[in-house]
Amino acid sequence: MGAGNTLSTFTKSSQAGEVSSAVPMTRQQKINNTPVLTSLRHPKETRSDLAFILNTVGKLWLAGVTINWSKLYPRDRPQRVPLPTYPFERQRYWIEPQSQFAAEIPQKQGKKPDIADWFYVPSWKQSPLINSVNLILQSSWLLFIDESDIGTKIAARLQKEGQEVITVKIGDKFTKDSNTYTVNPEKEKDYDNLIKSLQNLEKIPNKIIHFWGIESEIDRKLDCYSLLYLTKALDRQHVNSSISLTVVSDRIYEVTGAEKLQPEKATVLGLVKVIPQEYRHINCRNIDLDLSQNNPQLIKSLFAELTIQSPNIAIAYRHKQRWVQIFEPIFLPKINAANLRQKGVYLITGGLGNIGLLLASFLAKKFKAKLILIGRSGLPERSQWSEILENKVLPNLLCKTNKELMPQAKIVADNFHVMKQVNDELDAARKKITREAERLKNKSKKEKILSGLTKSKYVLLKNQEDLKESEQEKLQEIERIAPVLRKMHGLKEKLRNIFETNKNWSEGLLNLADWLKDIFEYFPKSFGTIKRWIGEIIAYFDEGTTQGVVAGINNKLKLIKRRAFGFRNFDNFQLRSLLTWHFAS
């Protein structure tokens with residue numbers, strides 16, 4: 001077809017329509033399968049004309065059309081290029097060789113519908129012993145060797161195979177002697193020095209073997225800390241090359257049931273599982289031995305294990321047998337809810353974490369339980385209590401706990417607490433002006449300011465409409481001598497008016513936002529607090545907590561504090577409190 005795609009489109013529609021009604025089925029199928037090609041590109045296509053026509057020629061050749069190649073390349077002398085006898089379909093049909101560990105890799109399955117089938121328990125499966133292989137490629141090995149001869153024998157075997165071996169021993173301080181280092185396991189800086197030294201020598205290892213887990217004399221906690229310090233040192237020195245880290249231990253798994261276990265050594269297992277998750281370039285596994293058994297083939301088997309890549313994280317050698325850890329499904333029936341009592345008391349350790357709060361929420365809703373939640377984060381230092389109470393900052397943790405245990409409840413910041421912080425900043429400004437006046441050298445000006453600020457605290461903090469005539473005159477005097485206090489007092493009264501007159505959150509939010517525009521210079525602390533807790537503050541306009549009963553209780557408490565001031569005898573204090581509460585006018 002000629003230029004464009006009008007004729008080709010018409011031809012295709014004819015194939016699908018009119019031709020099919022007049023032609024037998026087999027003939028019709030041939031017509032429908034006939035390619036329709038154009039010789040020139042559409043004007044809107046961006047390919048070159050030469051590329052387009054060559055593509056069309058190629059499709060014609062594929063369709064069986066004989067091409068006169070001499071006419072296509074009249075001036076060129078083409079060379080013959082042999083091509084494969086099959087098309088490039090980009091699919092492999094080769095049968096891959098099976099790895100000896102393929103059977104040990106669990107197959108992924110879909111989600112099981114019954115939650116009772118979701119659980120697994122660790123188990124052990126016997127596996128064929130590993131055959132020793134010849135190490136063709138040279139690798140750099142870093143061995144943390146113990147006082148026994150196991151690490152030493154493995155190091156000698158590796159050196160015999162032509163591998164580059166660097167050993168690290170336990171000592172009092174960091175030292176270096178040829179390819180042997182000494183580090184103090186308790187000093188994290190020694191590990192930094194070790195990795196820095198290896199970097200300077202361009203000997204960063206790609207295989208690390210940690211034998212300190214079989215040491216009998218070393219402090220048990222240093223097994224774990226040694227791995228932790230080593231990993232942190234690799235990270236701090238920006239070592240990103242691929243590393244295989246193998247931890248060799250002694251009797252931390254119960255495999256056959258006959259072992260005399262050393263569970264205090266099992267702390268290393270946490271790091272073996274976590275390190276590869278935090279650092280993708282570090283691959284970890286654990287090989288557990290039983291050195292109480294007489295196994296003359298142990299060194300040979302261990303060497304073979306260390307020189308191969310295994311998908312198993314946990315491997316154990318008992319007698320002359322190799323075991324790998326697997327996880328087998330276990331059916332857990334539904335627990336009997338009768339074990340949980342209505343209104344019972346339950347203590348949850350880690351109760352302020354996500355899982356702990358989830359369990360606490362379930363117990364609170366379902367059984368109306370009394371809960372004791374224990375978390376790792378304790379109370380603030382006693383020296384900080386006054387600051388926390390002064391700023392009225394509700395801890396985020398408390399908000400989170402309230403939302404989990406009482407999802408329907410709203411957290412409301414009462415206007416009393418907001419106004420208290422504003423009043424505190426206003427009084428702080430008054431004190432600051434007083435201190436500045438006391439330092440003035442102009443005696444008349446000094447006396448005028450100090451006289452005006454005398455007994456000014458409650459005049460500034462009291463609601464303006466509740467001021468007596470003499471107090472109103474005092475307020476005017478204060479505002480004349482201290483324009484800053486006049487401005488701050490006006491802003492304080494404006495905020496109080498917002499709380500008293502706005503009855504819904506949208507109206508309150510607009511007025512509060514307008515008030516915030518003017519206050520930062522005068523009330524910086526209040527500005528920050530209100531911005532942080534804006535949601536809880538505007539909730540007050542819909543869920544006001546300061547109603548008559550609450551206000552009355554607050555006033556009674558204030559009166560008790562005033563009348564009981566100075567009482568040290570608890571009985572007298574209690575009696576005065578009761579009299580005040582029940583009989584005071």
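In a fully extended conformation the segment linking Y93 and K445 would gain 116.7 nm over its present Cα-Cα distance, using 0.36 nm per residue. Measure up K368/K525; K173/K273; K443/K517; K443/K474 against 31 Å on the Cα-Cα distance and list the ones that go over. Beyond 31 Å between Cα atoms: K368/K525; K443/K517. Exposure check, 1.4 Å probe, all protein chains in place: S526 carries approximately 0 Å² of accessible surface. For A314, the residues whose amide H sits under 5 Å from its own are N286, Q325, ignoring neighbours fewer than 5 places away on the same chain, with H placed 1.01 Å from N. Taking amide H positions as modeled 1.01 Å from N, with prolines and chain starts lacking one, no residue 5 or more places away or on another chain lies under 5 Å from A482. Tell me, Kirkwood radius of the range 189-270 from alpha-carbon pair distances, in Å? Kirkwood radius, the range 189-270: 14.1 Å. Straight Cα distances below 22 angstrom link K112 to the lysines K334, with same-chain residues fewer than 8 positions distant left out. Restricting the calculation to alpha carbons of the range 127-330 gives Rg and Dmax of 16.3, 53 angstrom.
The values are calculated or read from the model by the stated rules, or taken from the named source; none is laboratory data. Quick caveat, the model's predicted, so the values are computed rather than measured. For the accessible areas, the whole protein counts, side chains as well, though only heavy atoms, and no ligand, DNA or RNA atoms are used. Shrake-Rupley method; radii C 1.70, N 1.55, O 1.52, S 1.80 Å.
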